[in-house]
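Every read-out reported here was derived from the displayed coordinates using simple, explicitly stated rules and does not represent laboratory data. These numbers come from a predicted model, not from an experiment. We place every Cβ from the backbone using ideal geometry, glycine too, and count neighbours over all the protein chains shown.
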């Protein structure tokens, strides 16, 4: 599926939802165009899923040209590059897209019900989008993406085998099985940046990436 086709479809979804199912507490921002998926080559070896492009700083939104700003240097690109390095995958061989590709007026962290209501049409596009890479491993970034694709009670640290008593991992790592999520594909949940640099995740990310590497070889 061409990036241009995905962009056109996400634009249609945005405009449809704006007319039919918008929310006054966090309206869709139609002043900004949807953000295209990031792909350098068709030789894809890893899919990475983000949430949506609505960053906190409103002025920064106009500067976003591709998903996760991966065409520019910065903390997110460094994070993704380190993931790729530890998995033995070249940065040029990743495909990165958001579950929801258009902007909201405010980051929808506190209006999760808006994302849930808008998910069906966006999910349909996403499933079609990644169907072109049927056997490629998938990583999700952040808690909201995991909860959108599973349920509101889901936690990233569950898959990382977090032990409440020791506050460390037991090492019994998991991934989200296709039959347990709306994407109908296996995926590995990771925290977003900067959460990965804090506490438990900072101490465990290396081990979890080794787990992913064993599973995808």
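Taking every pair of Cα atoms in the stretch 1-102, average 1/r, invert it to obtain the Kirkwood radius, and report Rg/Rh to two decimals.
Expressed as Rg/Rh, it is 1.00.
Look at the alpha carbon pairs under 8 Å that are at least 6 residues apart: their mean separation over the length of the chain gives a relative contact order of 22 percent. Within the stretch 19-169, the ratio Rg/Rh, alpha carbon atoms throughout and Rh by Kirkwood, equals 0.97. Distance between the pseudo-spin-label points of residue 109 and residue 12 (7 Å out from Cα toward the beta carbon): 3.4 nm. Highest-first packing order for the peptide set 123-136, 199-212 is 199-212, 123-136, based on the mean count of other beta carbon atoms within 10 Å.
Packing-based ranking of 160-170, 107-117 yields 107-117, 160-170, ordered from highest to lowest mean Cβ neighbour count within 10 Å. Across every pair of non-identical alpha carbons in the stretch 16-59, the mean reciprocal distance, once inverted, gives a Kirkwood radius of 13.5 Å. For the chain, the longest principal axis of the Cα atoms and the long axis of helix 112-130 meet at an angle of about 80 degrees.
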